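Chemist: Sharing a structure, written as structure tokens. Questions coming.
Laboratory data are not the source of any read-out in this text; all were calculated from the coordinates shown. All values reported here derive from a predicted model rather than from experimental measurement. Cβ: placed from backbone, ideal geometry, glycine included. Neighbour counts: every protein chain shown.
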């Protein structure tokens, strides 16, 4: 993991931040290989199998820019400006930059917001990779919510394109504001990272303001773990979406209204996926119950032995013949001589049974013979007569325990 971390830092410094979805997925794959470097190579190929649908989805997401924004697109912007002003009395981006932004000096928070903004391109994927490594069921639950959220956001961009605050300032709709999301990287010497982020922003969808997926993704991560971690971690989890909200507003990337709608999209995605998962579990439970009932019905089917039918797969319990149970288990003839559920003198004829095809015939006669051999000669039958057993020759093998002395 140290080697992977050093390689990633070297990549970010020399090449830039991996904001491309394919490149980000490759780095995630390298991360999982570094973490499980002792596993067989087939284990590492499972990552490609599981993540292929996600990668295809991300590629389609990158193409959504061309679907949402063309030369004739007129984005919505007045609606968000009006709502923001109605809530705060001012335009939040303009107010924050007037009080915190200095074009001639870079403050510590300028560096912080650059890292928070960039985390949007990695946090979801790193969380998903860790979940994939540790709990694949949790990974599936997280990815279902995230993919539905992303699909809803992209669909909104296409159907209702909206412009961010920096676009509104560019065309004179609000006071001048600067786009500050990459400014902090230049202050600490990460010029490659800043240039890569600027390049990514140039290729991004300029009408993808409503809803704010930057804020929605951070809230998705925090919300997913709030129900899975202890309560003491909830305040720490809440700091991430709050920091993202400040960053997006201060840097001119999103209106507050965009973030409010993004939060509603997260809530709707979680509710819909939860309902779908609950319905799916019920459906699987009903199918399992139906299968179990069908198996029990087949196992408990009554077969008339008089017809000579073969009992395939059915278990005939409690009948013992010549020291052999019907189901194949050995039986001690001295201890279990009497058939379970059959009185003396009662004939039990079940015909050929099981795959072995053993003929059970009449049980009572053989049972009396075995009893007669143990008792040394006679046993009364049901009619009062006796059955005399022939004495065995000296030294002949005898089935069962020796007769009691005295």
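Chemist: Residue separation times 0.36 nm, minus the C-alpha to C-alpha distance between residue 90 and residue 105: what's the value?
Modeler: Here the answer is 2.9 nm.
Chemist: Evaluate the distance, in nm, between pseudo-label points positioned 7 Å from the Cα of residue 40 and of residue 175 along their respective Cα→Cβ axes.
Modeler: 6.6
Chemist: Working out 0.36 nm times the residue gap between residue 1 and residue 158, then minus their Cα-Cα distance, what length gain in nm do you get to one decimal?
Modeler: 52.5 nm
Chemist: Could you tell me the calculated FRET efficiency between residue 60 and residue 230, based on Cβ-Cβ distance and R0 = 41 angstrom, to the nearest 0.05?
Modeler: Using R0 = 41 Å, I get an efficiency of 0.65.
Chemist: Something else: For residue 33 and residue 293, what is the calculated FRET efficiency with R₀ set at 35 Å and r taken between the beta-carbons, to the nearest 0.05?
Modeler: Plugging the Cβ-Cβ distance into 1/(1 + (r/R0)^6) gives 0.15.
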